[in-house]
Amino acid sequence: MNYFLTYAVYVLILSVLMGLSTWKLFKKMGYNPAFAFIPFYNYFIILKETKHPKWWAILSYLPIVGPIMMTVFHIYLMKKFSKSLVQHQILTVILPFIYMASVNYSKDAEIEDEEAKNMFLTDEEKAIKKKDSFVGSITFAVVFATIIHVFVTQPFGIPTGSMERTLLVGDFLFVNKWSYGYRMPMRPLAIPFLQGTVYDFQKDGNPKNDGKSYVDGVKLPYERIFQFNKPQRNDIVVFNYPQDSVHTAIDRKDPYVKRCVAVAGETFEMRGGRLFVNGKPETVLGDQERQHRFIVKTGSQLDIPGLYDIYGFLPVQEIPDGNGFIYAFQGLTDKTAAEIKKLPQVTEMKEDIMPKGEAAIAYKDANKTKIDTTQSIFPVNKAWNQDWYGPVRIPKKGDVVAINKETLPMYRWIISEYEHNSVSENNGQILINNQPATNYTIKQDYYMMVGDNRDASLDARFFGFVPEENIVGKPMFTWMSIEGAFKDSNSSYQADGWRFRWDRMFKATNTGDANKTSYWWIAAMILILFFGWEYFVKLFNKNKTED
């Protein structure tokens, strides 16, 4: 069942519930009882009768926003029939169709005479009414922000150093959800602004037991509209982590940001820590710098504070070694590596590259040990690692791939998890949807997403191809940057305390230019207009009156 048909079924169910629980109330308001069953129009009537903007009715069935608005409209209707006490509002919120039905089928449900009631309001009742108006304003401010968050753009923070030096730990971005077509929400019942979980109620450290921010049982299939563009090579892309085992909802999986280094149909390869696409070295953009991990041996201890003052970062590890020390540096550019090599204490310096043919079962940490991250190199049957990887062709929609014991680890997750088929083996034979299979036709495009800081990035080399359905959008600009906002053990940039990076604020993200223009002055003007608009209007009216 496609997205819009499933959506229509949900709307129909909600409309029937609304009609069954309110048709008598509509009749008492002077309308045909059948109007209570008509989607959008039923809420249009409620807003008209309660003297609220009628266009709000279009918000009633939107994903995530709709449940909030429906609740508000239900409260309006109940107030219309004198059910305005706190307990009435609570029942309307938690048991909407049941409580409204109890009012609907009761014999004493009568329309409240609003004008007569207002004439005899006490000061306390007037204060309560004013408070209700304030709460209503806050509610619609939340709704407006939710609409922007769900349907237009979403803020996103950079907690790790996998994209250094293009994106730094502590950068906060706005992501354009329409860059590659808008992906419709798949869990329409959800708490606004929250991504996946709410709280670890069991205090057991297992995220699978955390409270969810969405109702998993109410789901819509994947659908993308107005897709005029697809991710291109070198785009920085935000996507949902494909192998998130906590969240079954695609749009609720953890958000990641990486660079799209190869698109569907291209060939990706790592040779000695260098990236190749279609057999050619990668194109390095102006805002990228080649970065590598180095092991440095010294005869005496390095001046760590001095290193930070000069280069702005620290070694990720320091180990005493006889009379000297061994240092691990993460993400050094060729230029910085050359400068460190010239330090008088340095006796030996070499790039840390894993041997060819040595399979990686996990990514390297600062101690150059292998951590059980449950993320093997992808696929598990290849003697590849993050420095020697591939070549591998990125699956493209329409590709017919051979399925056998050698290729199954490459395509199993695509077939079973991303394209929703059953995969099993019986007496050495591979079955797809319980039918013997020797080939499979790919149903969507896939992408290779890799971090710019190649030696400190948990990326597609470990979790595999990123399906198109997981793509969120493209970062537009960095709206705030705070050094020290997050602590990342794999990052060389470790601030003591925190500070604003003013030079990074309000700069476009995806231009590829080394020197990006800052638009902070435009942001300042918008904020001044937003918060000072009422003042300017009052000042204008005052001057006009005096004239």
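Here are some notes:
- Cα-Cα over 31 Å, subset of LYS297/LYS516; LYS280/LYS356; LYS208/LYS474; LYS297/LYS356; LYS219/LYS474; LYS80/LYS253: LYS297/LYS516; LYS80/LYS253
- Rounded D (µm²/s) - the stretch 197-303, Kirkwood Rh over Cα pairs, Stokes-Einstein at 37 °C, 0.692 mPa s: 178 µm²/s
- Helix 3-28 axis, angle to the chain major axis (alpha carbon atoms, nearest 10°): 20 degrees
- The calculated FRET efficiency for ASN427 paired with ASN2, based on their beta-carbon distance and R0 = 25 Å, is about 0.10.
- Furthest towards positive pole of dipole, TYR222, VAL175, THR160, structure part the stretch 139-232, Cβ charges: TYR222
- Amide H partners (placed H, <5 Å) of ASN421, local residues excluded: SER416
- Quotient of the Cα radius of gyration of the stretch 253-335 and 2.2 N^0.38 Å, N being its number of residues: 1.48.
- Cβ-derived FRET efficiency at R0 41 Å, VAL198 paired with LYS54, nearest 0.05: 0.75
- When the solvent-accessible area of the chain is split by element, carbon and sulfur atoms take up 60 percent of it, the probe being 1.4 Å.
- Ellipticity estimate at 222 nm from DSSP helix runs (n ≥ 4, -39,500 (n - 2.57)) divided over the chain, nearest 500: -9000 deg cm²/dmol
- In terms of overall dimensions, the chain has a Cα radius of gyration and Dmax of 29.2, 94 angstrom.
- Residue-by-residue Karplus 3J(HN,Hα) for the stretch 510-521, coefficients 6.51, -1.76, 1.60, Hz, glycine and proline x: 9, 7, x, 7, 5, 10, 8, 6, 8, 10, 4, 5
- Relative packing of peptides 83-92, 231-240 - highest average C-beta neighbours within 10 Å first: 231-240, 83-92
- Projecting label points 7 angstrom from Cα along Cα→Cβ for LYS208 and ALA359 puts them 2.4 nm apart.
- Length gained on full extension, THR407 to VAL9: 139.3 nm, using 0.36 nm per residue less the C-alpha separation.
- The stretch 221-279: mean projected area of Cα convex hull, nm²: 5.7 nm²
- Selected from LEU25, GLY286, PHE465, residue furthest toward positive end of dipole (the chain; charges at beta carbon): LEU25
- Coupling constants for the stretch 62-72 follow from the phi torsions by the Karplus curve (6.51 cos²θ - 1.76 cosθ + 1.60, θ = phi - 60°), and in residue order they are 5, x, 6, 6, x, x, 5, 5, 4, 4, 4 Hz; glycine and proline get x.
- Ratio Rg/Rh [Cα only; Rh per Kirkwood] for the stretch 63-102: 0.96
The values are calculated or read from the model by the stated rules, or taken from the named source; none is laboratory data. If you're wondering where the values come from, they're calculated on a predicted model, not measured in any experiment. Using ideal geometry, Cβ is built from the backbone for each residue, glycine included, and neighbour counts are taken over all protein chains shown. Please note that ligands, DNA and RNA were not included when accessible areas were found on the heavy atoms of the full protein model with its side chains. Shrake-Rupley method; radii C 1.70, N 1.55, O 1.52, S 1.80 Å.
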